[in-house]
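Worksheet: one structure, shown below.
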Amino acid sequence: MPINAITSDHVIINGANKPATIVYSTESGTILDVLEGSVVMEKTEITKYEIHTLENVSPCTILRGLVDSHVHLNEPGRTSWEGFETGTQAAISGGVTTVVDMPLNAIPPTTNVENFRIKLEAAEGQMWCDVGFWGGLVPHNLPDLIPLVKAGVRGFKGFLLDSGVEEFPPIGKEYIEEALKVLAEEDTMMMFHAELPKAHGDQQQPEQSHREYSSFLSSRPDSFEIDAINLILECLRARNGPVPPVHIVHLASMKAIPLIRKARASGLPVTTETCFHYLCIAAEQIPDGATYFKCCPPIRSESNRQGLWDALREGVIGSVVSDHSPCTPELKNLQKGDFFDSWGGIASVGLGLPLMFTQGCSLVDIVTWCCKNTSHQVGLSHQKGTIAPGYDADLVVFDTASEHKISNSSVYFKNKLTAYNGMTVKGTVLKTILRGQVVYTNANGVSKTPLGQTLLDSRR
């Protein structure tokens, strides 16, 4: 069995940054041992292994591969937007070794087993990182939910308003109540894009103001998120019996935090995430006409950004994800700069580690929010998100001393467009290891061969 080891004076393990050596098998792809303290090759603990290669990466830091639980890969059907190949290559270039694909924006969407099989066929031979899958909550697919669980989806996502694509329509209170019953005894999760417009829909501004970001922001106020979360919580409280855990995706409004805090304190199984762009960008920074900043819910004020950070540090928000939602430049309507007519989504998978580090986060916290908690959310905490014997050897070598500039020209996305273009960030991913195999180096780029696998085993 080929055995390698990697060591550093800085390894993020057990909630601390300490010297350690990780011994792993390139055959099984798992970690065999974690030896704390500076490595000495004569130590009994390490000489019991026939180590082929020992790599010392000090002073760089070794951390576990990130798990991004909110990524839109858009294949099959909308491969002009993104695809498994480019999306997963972008992931590993930033130390993300696992992504979980959202059920919409692909055609067909992952709303029944037949559609899911089409998605799996499209993914074959195109995954540079490991990939899990969410299923969809759409009208009339209640009978499909349990078969999808048994087929390997890790949970379900639904919208309470127009998703932006006609093949993935929104659901309402009655559907949520029924889905809670159907999935009550299943090992799964229900997730919601929590925006609920008033009866009259988006409060669009006059045509002349469509280039102003403030007009778009005012059209999707905090009340959209608050009302949606209240509806979801109402359905949970009304349920007389067990319920599956519920997760609010991409929380953007700090004003909704008290609802989540109160629900969790009362014992309701509710978690939430926010996104890199809500933590790193404020509305005051967004120029008029810069539609590459458009996302839904929208990026809000600087004071709101700080409120999200407070909730994250408090633990009310549990995880941070990319919500990588790319599209073609044409759909961003760049020339006209119309926020209302452009596609809402920010391409960012693989950029999160340096973005968070630049914000002053410790690597211990980043690992908690972007590895440990996300792997738990998707039912992979027995396999991913931890550096420990028996876990997948998913590792990242991160140079904390360097800086680099994010540029559209250098990203791996199919469409070279991100809201972070031109931003200087601290820290650089030098190497990504997936199940014991090097899949990316900063010097040579991504591996020639895709080594990613689908993650279809039951949640644990």
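The values are calculated or read from the model by the stated rules, or taken from the named source; none is laboratory data. Only a predicted model underlies this, so the values are computations on that prediction, with no experimental measurement involved. When we count neighbours, we look across all protein chains shown, and the Cβ atoms used for this are built from the backbone with ideal geometry, even at glycine.
Confirm whether S28 is at pLDDT below 95, surrounded by fewer than 23 Cβ atoms within 10 Å (Cβ to Cβ) and among the small types (G, A, S).
no
Among G345, G350, G379, G390, which is the only one that is within 27 Å of A123 (Cβ to Cβ) and in contact with a Cys (Cβ under 7 Å, 6 or more places away or on another chain)?
G345
Any chance you could count how many residues in the stretch 220-252 are aliphatic (A, V, I, L, M), closer than 13 Å to P297 by Cα, without any contact (Cβ under 8 Å) to a residue 60 or more places away in the chain and not in a helix (DSSP H, G or I)?
Qualifying residue count for the region: 2.
Restricting the stretch 420-436 to residues that are among the small types (G, A, S) and either under 14 Å from L353 (Cβ atoms) or surrounded by fewer than 20 Cβ atoms within 10 Å (Cβ to Cβ) (or both), which is nearest to the chain's Cα centre (by Cα)?
Out of the qualifying residues, it is G427.
If S409 meets every condition in (1) touching a residue at least 24 places away in the same chain (Cβ under 8 Å); (2) among the polar types (S, T, N, Q); (3) in a helix (DSSP H, G or I) apart from one, which number is that one?
(1)
Step by step: first the residues of the stretch 31-50, then only those that are crowded, with 17+ Cβ neighbours inside 10 Å and β-branched (V, I, T), then the one that is farthest from the chain's Cα centre (by Cα). Which residue is that?
I46
Would you check which residues across the stretch 321-350 are under 11 Å from the mean Cα position of the chain (by Cα) and more than 20 Å from L217 (Cβ to Cβ) and list them?
Once the filter is applied, which keeps residues that are under 11 Å from the mean Cα position of the chain (by Cα) and more than 20 Å from L217 (Cβ to Cβ), the stretch 321-350 yields V321, S322, H324, V349, G350.
Taking E124, is it free of Cβ contacts under 8 Å to residues at least 12 places away in the same chain and under 22 Å from the mean Cα position of the chain (by Cα)?
yes
Being surrounded by 17 or more Cβ atoms within 10 Å (Cβ to Cβ) and on the phi > 0 side of the Ramachandran plot is the filter here, so list the residues in the stretch 346-367 that pass it.
The answer is G350, and nothing else.
Being surrounded by 23 or more Cβ atoms within 10 Å (Cβ to Cβ), assigned by TED's automatic domain parsing to the domain that holds A256 and at pLDDT 95 or above, is that true of even one residue in the stretch 195-206?
Yes, the stretch 195-206 contains at least one residue that is surrounded by 23 or more Cβ atoms within 10 Å (Cβ to Cβ), assigned by TED's automatic domain parsing to the domain that holds A256 and at pLDDT 95 or above.
On the basis of being among the β-branched types (V, I, T), over 19 Å from T7 (Cα atoms), at pLDDT 95 or above and assigned to a loop (DSSP other than H, G, I, E, B), does T449 make the cut?
Yes; evaluated as a whole, the condition is true for this residue.
If a residue must be aromatic (F, W, Y) and not in a loop (DSSP other than H, G, I, E, B), how many such residues does the stretch 133-182 contain?
4
Check every one of the strands (runs of 3 or more DSSP E) wholly within the stretch 1-118 and list those with 1 or more residues that are closer than 30 Å to F413 by Cα.
Those strands (runs of 3 or more DSSP E) span 3-13, 61-64, 66-71, 96-101.
Matching residues to (1) surrounded by fewer than 22 Cβ atoms within 10 Å (Cβ to Cβ); (2) touching a residue at least 60 places away in the same chain (Cβ under 8 Å); (3) among the β-branched types (V, I, T):
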{"site": "H52", "(1), (2), (3)": "yes, no, no"}
{"site": "G65", "(1), (2), (3)": "no, yes, no"}
{"site": "T98", "(1), (2), (3)": "no, yes, yes"}
{"site": "L120", "(1), (2), (3)": "yes, yes, no"}
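Could you check the stretch 387-419 and list, in sequence order, the residues that are polar (S, T, N, Q) and surrounded by 21 or more Cβ atoms within 10 Å (Cβ to Cβ)?
Hit for the stretch 387-419 is T418, nothing else.
It is to be established whether one or more residues within the stretch 257-274 are buried (at least 22 other Cβ atoms within 10 Å of the Cβ), among the polar types (S, T, N, Q), closer than 25 Å to G289 by Cα and in contact with a Leu (Cβ under 8 Å, 6 or more places away or on another chain).
yes
I'd like to verify a number: residues in the stretch 280-337 that are of a type in the set (S, T, N, Q) and either buried (at least 17 other Cβ atoms within 10 Å of the Cβ) or under 21 Å from P354 (Cα atoms) (or both), how many?
Within the stretch 280-337, residues that are of a type in the set (S, T, N, Q) and either buried (at least 17 other Cβ atoms within 10 Å of the Cβ) or under 21 Å from P354 (Cα atoms) (or both) number 8.
How about the stretch 349-374: which of its residues are closer than 25 Å to W81 by Cβ and of a type outside the set (G, A, S)?
Across the stretch 349-374, the qualifying residues are V349, L351, L353, P354, L355, C370, T374.
Just to be sure I understand the filter: pairs with C-beta atoms under 7 Å, separated by 6 or more residues or on different chains, first member in the stretch 32-46 and under 26 Å from Q383 (Cα atoms), second member surrounded by fewer than 16 Cβ atoms within 10 Å (Cβ to Cβ) and basic (K, R). Which pairs pass?
What qualifies is E36/K18.
What do you reckon, is C371 assigned by TED's automatic domain parsing to the domain that holds V131 and free of Cβ contacts under 8 Å to residues at least 40 places away in the same chain?
Spelling it out, it is not the case that C371 is assigned by TED's automatic domain parsing to the domain that holds V131 and free of Cβ contacts under 8 Å to residues at least 40 places away in the same chain.
Sort out which residues of the stretch 331-353 are under 12 Å from V321 (Cβ atoms) and touching a His at 6+ places or on another chain (Cβ under 6 Å), and write them in order of number.
Listed by number, the residues that qualify are I346, S348, V349.
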